[in-house]
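Structure record follows, encoded as structure tokens.
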Amino acid sequence: MRLRYLAGAFAFFLQPGTAQSHEAFGDLGPFYQGLLHPLADPAQGLVLAGIAVLLARQPVQVVRPAFLVLLLCACFGPLIHLAVSTPSLDSRSAGLVAVILGGVAIFGIALPAGLVAIMAGAIALLAGIAGDVLTDVRSLLLSTGGTAVGIAIFVLFLWAALDIIQSRLGRLAGAVAGSWVVAIGVMAAALPGAPA
Amino acid sequence: MAIHEEDPLKPRLFPLFVAALFASTPALAHSTSDAGGGFVTGFLHPILGWDHVAAMIAVGLWGAFLGKPAVWLLPVTFPLVMALGGAAGAAGVPIPGIETGIAASALVIGLAVLLAARPPLAVAAIIVAFFAIFHGHAHGTEMPAAISPLAYAAGFVIGTGLLHLCGIAFGVLTRSKAGTVAVRSAGGVIAAAGVGFLTGAL
């Protein structure tokens, strides 16, 4: 009987507090930190969402080479960041870039494949250079791989989702997504100096 | 099994167990990051405010009622102009009668749906854009105080857009006669709610 009371008291001490088994963006290692950057940093996520919406408004023949360039540039971003210690993407710059990308997407202007590829590459570089500077080779490689995969998955998923929605609801559904990107960009640009 | 059947402590331990449940705090496997917190706050801001919900649904309903291209033009116009209001709110630029404007948006757009008003596309867009400023300002004033202002902005734009889509989805019912009656009735309910918001009854 006493033993049971003792067990009850012991169980009382074991009542759970806030058990944080995973810090979502804590020390996950360089690969996963790079992978989650588009989600952890709203400024990065915004410009990547902008290019995904723009790609969704372009023909698939234009999207294929642009996506390859995006992937390559996403790999180079962390390396450039290491060589030239570039500043991270601030909310005002991200907002202005998003306004341009979303604006082009709203009107659904068909752009030359080369221009779209350059834009995709530039956005991937912008998103890739954000992050901590890593000095050891292993961390740098893991971070680079994670960043490239994260950017690729984020853009590909958003592009695919929009493409499916447009095929079912009509091309103008993409314009709605473009207007969302512009709206967020306008407000981001109106917050100078604010953290993303 | 016999132990459970004959256990005299069971009735006494059960309240202790219940008390322990109430004493415990939730076990959260994943803590939210700053960006996540900001996004959720922004996302819930239009959804948890009935005046915002009524007006946003009405915009979608009216767009569906007007047909193409209004069904997409209105949800494109609204966030674009709302962003200007949001930026003004974030910058601390005062706009008079914000709450009145939001309440009036539910009344006016609700009435437009109820009366099946079909003005020229530009007029419909201007009406929606006018009211979007008030909604944007209301959201934007809370933006600088958010954990992550940019994530907050993304949250409330997406939340607002999804409410428009809900309205459009409901508005698809206008393809049938009975559905048209249902949609127009919904417009009437929204307009009545707008009166309630204006008078302070709701």
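Yes or no: B:Val123 at negative phi, more than 17 Å from the chain's Cα centre (by Cα), at pLDDT 90 or above and surrounded by 18 or more Cβ atoms within 10 Å (Cβ to Cβ)?
no
Just one of A:Ala183, A:Ala177 is at pLDDT 90 or above, more than 18 Å from A:Ser93 (Cα to Cα) and within 13 Å of chain B (Cβ to nearest Cβ); which is it?
After ruling out the rest, the residue left standing is A:Ala177.
Having 2 or more residues that are touching a Lys or Arg at 6+ places or on another chain (Cβ under 6 Å) and touching a residue at least 40 places away in the same chain (Cβ under 8 Å) is the bar; report the helices (runs of 4 or more DSSP H) wholly within region A:105-192 that clear it.
Helices (runs of 4 or more DSSP H) meeting the threshold: A:172-189.
Determine, yes or no, whether B:Leu121 is more than 19 Å from B:His52 (Cβ to Cβ) and touching a residue at least 12 places away in the same chain (Cβ under 8 Å).
yes
Which of the residues belonging to region B:95-114 are in contact (Cβ under 8 Å) with a residue 60 or more places away in the chain and of a type in the set (A, V, I, L, M, F, W, C)?
Of everything in region B:95-114, those that are in contact (Cβ under 8 Å) with a residue 60 or more places away in the chain and of a type in the set (A, V, I, L, M, F, W, C) turn out to be B:Ile102, B:Ala103, B:Ala104, B:Ala106, B:Leu107, B:Val108, B:Ile109, B:Leu111, B:Ala112, B:Val113, B:Leu114.
Which condition from (1) within 12 Å of another protein chain (Cβ to nearest Cβ); (2) open to solvent by 10 Å² or more (accessible area, probe 1.4 Å); (3) touching a residue at least 60 places away in the same chain (Cβ under 8 Å); (4) in a helix (DSSP H, G or I) is the one that B:Phe131 breaks?
With (1) within 12 Å of another protein chain (Cβ to nearest Cβ); (2) open to solvent by 10 Å² or more (accessible area, probe 1.4 Å); (3) touching a residue at least 60 places away in the same chain (Cβ under 8 Å); (4) in a helix (DSSP H, G or I) applied to B:Phe131, the lone miss is (1).
Please determine whether any residue of region A:9-23 is of a type outside the set (S, T, N, Q), modelled with pLDDT of 75 or more and either on the phi < 0 side of the Ramachandran plot or not in a loop (DSSP other than H, G, I, E, B) (or both).
The answer is no, given that none of the residues of region A:9-23 is of a type outside the set (S, T, N, Q), modelled with pLDDT of 75 or more and either on the phi < 0 side of the Ramachandran plot or not in a loop (DSSP other than H, G, I, E, B) (or both).
Among the residues of region B:87-103, which ones are away from every other protein chain (no Cβ under 14 Å) and surrounded by fewer than 19 Cβ atoms within 10 Å (Cβ to Cβ)?
B:Pro94, B:Ile95, B:Pro96, B:Gly97, B:Ile98, B:Glu99, B:Thr100
The values are calculated or read from the model by the stated rules, or taken from the named source; none is laboratory data. Since this is a predicted model, take the numbers as computed values, not measurements. Because the Cβ atoms are built from the backbone with ideal geometry, glycine has one as well, and the counts that use them run over all protein chains shown. Ligands, DNA and RNA are excluded from the accessible area calculation, which covers all protein heavy atoms including side chains. Shrake-Rupley method; radii C 1.70, N 1.55, O 1.52, S 1.80 Å.
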